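Here is the structure we will look at.
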Amino acid sequence: MVTYHKQILSYKLFLQLGPYAEDQYAASIQLFMSDDINVYIKFLSERKTIPVNVKIGNYYKVYSPISRFVNFMDTLRNEKPCYFHFNETTKTANVGTHIEPVGEGED
């Protein structure tokens, strides 16, 4: 099983405007890692079928329903450090933290 696991250094947010958003994607987040790998998380309308996540060259294209957008933004804004993980076999991806002490809280 080949996996990619790397710390997220920064991100860029895109909110789509106009009537085409329902047909394409409503929002996206671009993640930047230290090894020039980029991740594009595309948030689709709840009515759209979620495509399979893919790796193309030096970037990953992953998909999520728009209902998860707030969760992703909350994690990126409030947790440190954050990591991106991609499983090449199952094509699953996630954004999260490493082990944190119980009751640590945020300042």
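The values are calculated or read from the model by the stated rules, or taken from the named source; none is laboratory data. The structure presented is a predicted model; accordingly, all values stated were derived computationally and were not measured. Here the Cβ is made from the backbone with ideal geometry for all residues, glycine too, and neighbour counts use every protein chain on show.
One line per residue, one yes/no per condition, for (1) over 10 Å from the mean Cα position of the chain (by Cα); (2) of a type in the set (S, T, N, Q):
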{"residue": "Val2", "(1), (2)": "yes, no"}
{"residue": "Tyr11", "(1), (2)": "no, no"}
{"residue": "Gln16", "(1), (2)": "yes, yes"}
{"residue": "Asn58", "(1), (2)": "yes, yes"}
{"residue": "Ser67", "(1), (2)": "yes, yes"}
{"residue": "Val70", "(1), (2)": "yes, no"}
{"residue": "Thr89", "(1), (2)": "yes, yes"}
{"residue": "Thr92", "(1), (2)": "yes, yes"}
Considering region 49-103 alone, what residues qualify as being part of a strand (DSSP E or B) and more than 14 Å from Val39 (Cβ to Cβ)?
Pro65
Take the residues in region 35-49 that are out of contact with any Ser or Thr (no Cβ under 7 Å at 6 or more places or on another chain), surrounded by 10 or more Cβ atoms within 10 Å (Cβ to Cβ) and β-branched (Val, Ile, Thr), then tell me which one is modelled with the highest pLDDT.
Val39
Of a type in the set (Val, Ile, Thr) and touching a Lys or Arg at 6+ places or on another chain (Cβ under 6 Å): does that describe Val62?
no
Sort out which residues of region 68-107 are surrounded by 14 or more Cβ atoms within 10 Å (Cβ to Cβ) and either over 24 Å from Ile56 (Cβ atoms) or hydroxyl-bearing (Ser, Thr, Tyr) (or both), and write them in order of number.
Met73, Thr75, Glu79, Tyr83
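Residue under question is Phe84, and the condition is that it be under 13 Å from the mean Cα position of the chain (by Cα), more than 13 Å from Tyr4 (Cα to Cα) and either at pLDDT 95 or above or of a type in the set (Phe, Trp, Tyr) (or both); does it hold?
It is false that Phe84 is under 13 Å from the mean Cα position of the chain (by Cα), more than 13 Å from Tyr4 (Cα to Cα) and either at pLDDT 95 or above or of a type in the set (Phe, Trp, Tyr) (or both).
Being modelled with pLDDT under 90 and surrounded by 12 or more Cβ atoms within 10 Å (Cβ to Cβ) is the filter here; which residues of region 6-22 pass it? First the steps, then the outcome.
So the first thing to find is which residues in region 6-22 are modelled with pLDDT under 90, and the list is 15-22.
Passing the criteria: Gln16, Ala21, Glu22.
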